[in-house]
Amino acid sequence: MSGAAYQFGTLSFTLEDGALRHLRCDGREVVRQIAFLVRDRDWGTIAPSLGPVAEDRQPDRLRFTIPMRFETGDGALAVTVTLDVSAGRLAMRAEGEVTGRFETNRAGFTVLHPIDHVAGAAARVTHSDGALEQGAFPKLIDPWRPFMDIAGIAYRADRLDVSFAFSGDTFEMEDQRQWGDASFKTYNRSLDLEWPYRLAQGAYPAQEVVVAWEEATEAPADTPARDDALPEDARFPETALVLTTAEAVALTRHPQDLALVAPQRILCHADATAGPVEEAFAAFAALQRVCPEPSYDLELICAFVEEDPEPELRAHAAAYETSGLAAASLFICPSVDRQSTPPGSDWPACPPLARIHDAAARAFTDLPRGGGMATLFTELNRKRPPENGLAFVTHGLCPIVHAADDCSVMETLEAIPHITRSASAICAGRAYRIGPATLAMRHNPYGSRTIPNPEGGRVCMTDDDPRHRAAFGAAYVVGLATQLARGGVSVWTPAELYGPRGILPDPGATAEAYPLVSVLRALADVAGAPVHRAEIRGGIAELEVGTTRLRANLQTTAQDGLASHEVTLSQIVPTDQRR
């Protein structure tokens, strides 16, 4: 029973793989999702096997009974989820049993609250001891946890008074916009407790989530306003592609591959923990002699195993000078900062970022330098670069951290304006770069590896998502470009050159270029051009830059003259030249 849609009076929702999604009252979203979820020790989602779903529809209520079974190693968790829906109220309850050795980072209910009309809204939290806390959902993205020890929470959004009650465990909230999700997430078990942990055999403690809503009698004076106007001076950013050392060597032999997109910049990835940086610098220098046109931005991952970062940086600087590479900029990131430091975790051994960047200024005296994170905005928000001495700030994006179904991936585009506003505040006037920003994950900050995907499915945190190479990938890139066009970004890096996250499967295979190539070429051609229109409405992304218009259907069904995930390119007369 996947993706079944239901209507019950003024309510609409879907049930998908045992989860309630998109509960709406008269078209207004009350809940984005409620699901009983289980995470493994790498924070990967364990997909349940579902038993037959029983439905009982009565005039005044609708009930579903959903058997679910989660397996990991030699352990299993069998739960029965009961969903009751009535006018103005919804309850989900889970009871179950554990057998064998079952290890997990989290097991229980997760509630996703929408961000539209909610970000910035006042909230009242009831704690487990009955105490009340008056607060608000953060407007800019909160790097930590907005609310903790939640037994209940109430707020007003889109002319509805909404309340939640939680029982069966300790619940808290995180600002999921950090990871690109368009939601605030309330989840069970505090991150301050040890993880992974083992579930005790026998009966699993019952959990319940109760949601109630009613029409608000009046809107509060501080109702959050939408903040999505297109800046008058918006210009489309320059386009970059990521290259590793091996890919630089291959491109030197097949320089025609780069012409497919003709990016303004190349992001040169050099990892001092993976091998001698001398080889990487030499490979990029050799490529630069063959392909001199793009700017070469150096992304240098450093080991920093000693307390003093200066010796390592001076050694890297000497290797750079010897190579003959003429980089346009340098971004330095400690290797340990590619891994997440969640709340309650010990910070890894590493020199302070201010000390690292001071040492980099002395070692690389003539290069514009950037700070930030080689992974996601999450870590940039928690580990902010020093305010002085940096020319730009950067971070990556990945839309498959928490969910990987088609709908959830496209919904992450709603969070992009929230990310760019929050990151711009961190940039504080410095240039803002984003990348890599690929559908699949380059590096997993939350576990020991990216998740294998040999079957080509919809898998969270995988480094190989087949949709990148299909029409879906091209439509997603148009949606991403549409949102970034209003965000003040100076450079974006939407793909690698080769492989599962690239524009080509292999060097020289230009005849096998992926569908997103034509989109990236069109967007690279309009770098620096004025943005006339950039909006996503009803699942259609429309972007007008210079004399180019791109339209993309972000939905799986045909609409507005476009097939599923179809992209169209056309030439236009700019608005300011129309009569």
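What to note about this one:
- For the range 485-493, the criterion of a residue being of a type outside the set (Gly, Ala, Ser), buried (at least 24 other Cβ atoms within 10 Å of the Cβ), in contact with a helix residue (DSSP H, G or I) (Cβ under 9 Å, 6 or more places away or on another chain) and not in a loop (DSSP other than H, G, I, E, B) is satisfied by at least one position.
- Checking Gln178 against (1) out of contact with any strand residue (DSSP E or B) (no Cβ under 7 Å at 6 or more places or on another chain); (2) part of a loop (DSSP other than H, G, I, E, B), the condition it does not meet: (2)
- Looking across the range 20-54 at every residue that is assigned to a loop (DSSP other than H, G, I, E, B) and among the β-branched types (Val, Ile, Thr), the one that is farthest from Ala119 (Cα to Cα) is identified as Val53.
- Among residues of the range 493-508 that are assigned by TED's automatic domain parsing to the domain that holds Val249 and closer than 14 Å to Cys398 by Cα, those with a beta-carbon under 9 Å from a residue that is at pLDDT below 95 and not in a loop (DSSP other than H, G, I, E, B) at least six positions away or on a different chain give the pairs Thr493/Gly435; Pro494/Gly435.
- So Pro237, is it surrounded by 13 or more Cβ atoms within 10 Å (Cβ to Cβ), at pLDDT below 95, under 28 Å from Glu535 (Cβ atoms) and under 29 Å from the mean Cα position of the chain (by Cα): no
- Close pairs from the range 124-137: first at pLDDT 95 or above, partner among the acidic types (Asp, Glu), Cβ under 7 Å, at least 6 apart: Val125/Glu133; His127/Glu133; His127/Asp149; Ser128/Asp149
- The range 428-457: number of residues that are charged (D, E, K, R) and modelled with pLDDT under 95: 1
- Of all the listed residues (Asp84, Asp26), the sole one being outside the structural domain of Met461 (by TED's automatic domain parsing) and either out of contact with any Leu (no Cβ under 8 Å at 6 or more places or on another chain) or at pLDDT below 95 (or both) is Asp26.
- Against the numbered list (1) over 30 Å from Ala76 (Cβ atoms); (2) charged (D, E, K, R); (3) in contact with a Leu (Cβ under 7 Å, 6 or more places away or on another chain), Glu133 comes up short only at (3).
- Count - residues of the range 453-469 that are hydrophobic (A, V, I, L, M, F, W, C) and either touching a Phe, Trp or Tyr at 6+ places or on another chain (Cβ under 8 Å) or at positive phi (or both): 1
- One residue stands out in the range 88-129 among those that are over 29 Å from the mean Cα position of the chain (by Cα) and of a type in the set (Asp, Glu): the one that is surrounded by the fewest Cβ atoms within 10 Å (Cβ to Cβ), namely Asp129.
- Whichever residue in the range 280-328 is in contact (Cβ under 8 Å) with a residue 60 or more places away in the chain and acidic (Asp, Glu) and, among such residues, is nearest to Met373 (Cα to Cα): Glu299
- Residue, farthest from Arg159 (Cα to Cα), within the range 55-99, restricted to residues that are not in a strand (DSSP E or B) and not aliphatic (A, V, I, L, M): Asp74
- Any hit, the range 444-466, residues being under 17 Å from the mean Cα position of the chain (by Cα), of a type outside the set (D, E, K, R) and under 26 Å from Arg551 (Cβ atoms): no
- Verdict on Thr556 being assigned to a loop (DSSP other than H, G, I, E, B) and of a type in the set (Ser, Thr, Tyr): yes
- Qualifying positions in the range 516-542 - assigned to a strand (DSSP E or B), among the basic types (Lys, Arg) and touching a Leu at 6+ places or on another chain (Cβ under 8 Å): Arg533
- Filtered by the rule that a residue be out of contact with any helix residue (DSSP H, G or I) (no Cβ under 7 Å at 6 or more places or on another chain) and either assigned to a helix (DSSP H, G or I) or touching a residue at least 24 places away in the same chain (Cβ under 8 Å) (or both), the range 423-437 gives Ser424, Ala425, Cys427, Ala428, Arg430, Ala431, Arg433, Gly435, Pro436.
- Enumeration of residues in the range 138-164 that are surrounded by fewer than 19 Cβ atoms within 10 Å (Cβ to Cβ), assigned to a strand (DSSP E or B), touching a residue at least 40 places away in the same chain (Cβ under 8 Å) and not hydrophobic (A, V, I, L, M, F, W, C): Asp161, Ser163
Okay, residues lined up against (1) at positive phi; (2) not acidic (Asp, Glu):
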site: Ala522; (1), (2): no, yes
site: Asp525; (1), (2): no, no
site: Pro530; (1), (2): no, yes
site: Gly539; (1), (2): yes, yes
site: Thr547; (1), (2): no, yes
site: Thr557; (1), (2): no, yes
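- Residue count, the range 57-71 (criterion: surrounded by fewer than 18 Cβ atoms within 10 Å (Cβ to Cβ) and of a type outside the set (Asp, Glu)): 8
- Gly372 under 30 Å from Arg41 (Cβ atoms) and in contact with a Ser or Thr (Cβ under 7 Å, 6 or more places away or on another chain): yes
Conditions (1) modelled with pLDDT of 95 or more; (2) surrounded by fewer than 15 Cβ atoms within 10 Å (Cβ to Cβ); (3) on the phi < 0 side of the Ramachandran plot, marked per residue:
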| position | (1), (2), (3) |
| --- | --- |
| Phe304 | yes, no, no |
| Val336 | yes, no, yes |
| Ser345 | no, yes, yes |
| Asp358 | yes, no, yes |
| Met373 | yes, no, yes |
| Glu387 | no, yes, yes |
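The values are calculated or read from the model by the stated rules, or taken from the named source; none is laboratory data. All of these numbers come straight from a predicted model, not from anything done at the bench. Counting neighbours? That spans all protein chains shown, and the Cβs are built from the backbone with ideal geometry, glycine included.
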